[in-house]
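Shown next, in structure tokens, is the structure this report addresses.
The values are calculated or read from the model by the stated rules, or taken from the named source; none is laboratory data. The structure displayed is predicted, hence computed values, not measured ones. Methodologically, a virtual Cβ is constructed for each residue, glycine included, from the backbone with ideal geometry; neighbour enumeration extends over all protein chains shown.
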Amino acid sequence: MHFARAPLAVALLFVLAAGDLGAQQKKKKPGSDDEGYVPVVAPDSKDKKKKDETQTLPAPPELPSTVSAETNRLAFQVSPLSSRGLLSQQTRDALKSLLKTNHGTIVKLRAFVAGSGDLRRVGELVGEIFTEKRQPLPALSVVQVGALPQEGAQVVIESTETDKKVVNPSGVAFLSGQPAATVAESLAKLKGVLAAAGMQPSDVLIATCFVSSLDSQRDTQATMAAAFPGAALNYVQMQREPVTPAAACEARARLTKPAASIDSQAALISTAELVITGTQLAFGAQDTDLKLAFDRLEKALAARSARLDHVAVSHLYVTSNGLATRVLAAHAARFGPHPPSNTLLPVEGLPSLDAPLGIEVIATPDSSTAQR
């Protein structure tokens, strides 16, 4: 009985199929808009999610190579040391602390990094955080040092900012690093330079000491605080290997009267404005590589209407002690008979493995105001 019904069912199916085909042929005539139509299939949500995950993140904003700042509003801070997390976390915490406590606009950051973290990460985080906070991007110097004076600490950052009000009506003195066998001796030399310029220890705004060994300078913080009460203080180990001289302390102080002079010990500046650079790197140790670094520095200054003969303060960071003599020779050849107040420091590393030298300077837009 069941087998008898099968042919009837099959025949019924063929009739229905033929009816559908005929209907489709009536709707899709040759030459119609629907001919060859391929329906669009919405992508699977999992595929879309996977595509979104593989999209490249936008590059971090590029930091300026130079900035301008009003001399009579310059102020300085040092971020607190922390051992919480690794380099990225500590950098975020340091930057947020500086942004929270500053009284104006941060124009320059100098970061000292200890450990094996990627130094380039500091610049990326500066760009991200300042953009997020809608703050102008500062110039930046990043230097790898031997160690910081707190176990687990990987970064300390010094900031230069412009205060909302005038805090240095007569200008600012930049005192170069004073090499000595101990921190105490170096600080004594700084006091002598201050006195010669008519200033007191209480006029110092920030002091930084670079030492060969943290162990041999256990009382550095207390010694610095006693020497310069009220100043922002910072000290770091230059390299993991011993360095000679074993200490070099530098300072920036508030001028008590207008002055305009530059020598190897100090730059006394009362001009209305300063040009401050980030670090220019030399990619290689040949003389041509050093020359190119100074060429790039000169080009960066020109964008702010300054020249190399406007430079009042310079810092040279070298990763090889054997390179110091040649760097100083290149420095002297470029600046001529009237060099700026200069500090040369042996350091552990710079943001590029190919860079044995980093240069940063402070210049005046008008060289006629500084007598050398």
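Below, the figures for the structure above:
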| quantity | calculated |
| --- | --- |
| Selection from the range 279-333 of residues that are touching a residue at least 60 places away in the same chain (Cβ under 8 Å) and of a type in the set (Val, Ile, Thr) | THR279, VAL313 |
| Scope the range 100-113; condition crowded, with 17+ Cβ neighbours inside 10 Å and touching a helix residue (DSSP H, G or I) at 6+ places or on another chain (Cβ under 9 Å); matching residues | ILE106, LEU109, ALA111, VAL113 |
| The range 181-201, residues that are part of a loop (DSSP other than H, G, I, E, B) and either within 15 Å of ALA231 (Cβ to Cβ) or free of Cβ contacts under 8 Å to residues at least 12 places away in the same chain (or both) | MET199, GLN200 |
| LEU86 touching a Leu at 6+ places or on another chain (Cβ under 7 Å) and either over 25 Å from GLN280 (Cα atoms) or basic (Lys, Arg) (or both) | no |
| So GLY177, is it assigned by TED's automatic domain parsing to the domain that holds ALA69, under 17 Å from ASN234 (Cα atoms) and at pLDDT 95 or above | no |
| Among the candidates THR288, THR319, residue that is modelled with pLDDT of 95 or more, of a type outside the set (A, V, I, L, M, F, W, C) and surrounded by 18 or more Cβ atoms within 10 Å (Cβ to Cβ) | THR319 |
| Residue list for the range 220-239, restricted to those being in contact (Cβ under 8 Å) with a residue 12 or more places away in the chain and exposed (fewer than 13 other Cβ atoms within 10 Å of the Cβ) | PRO229, GLY230 |
| Filter result for SER159 (crowded, with 16+ Cβ neighbours inside 10 Å, out of contact with any Ser or Thr (no Cβ under 6 Å at 6 or more places or on another chain) and not in a helix (DSSP H, G or I)) | yes |
| Close pairs from the range 97-115: first without any contact (Cβ under 8 Å) to a residue 24 or more places away in the chain, partner crowded, with 22+ Cβ neighbours inside 10 Å, Cβ under 6 Å, at least 6 apart | SER97/SER79 |
| Matching residues in the range 137-154 - criterion: being surrounded by fewer than 23 Cβ atoms within 10 Å (Cβ to Cβ), outside any strand (DSSP E or B) and in contact with a Gly (Cβ under 7 Å, 6 or more places away or on another chain) | LEU137 |
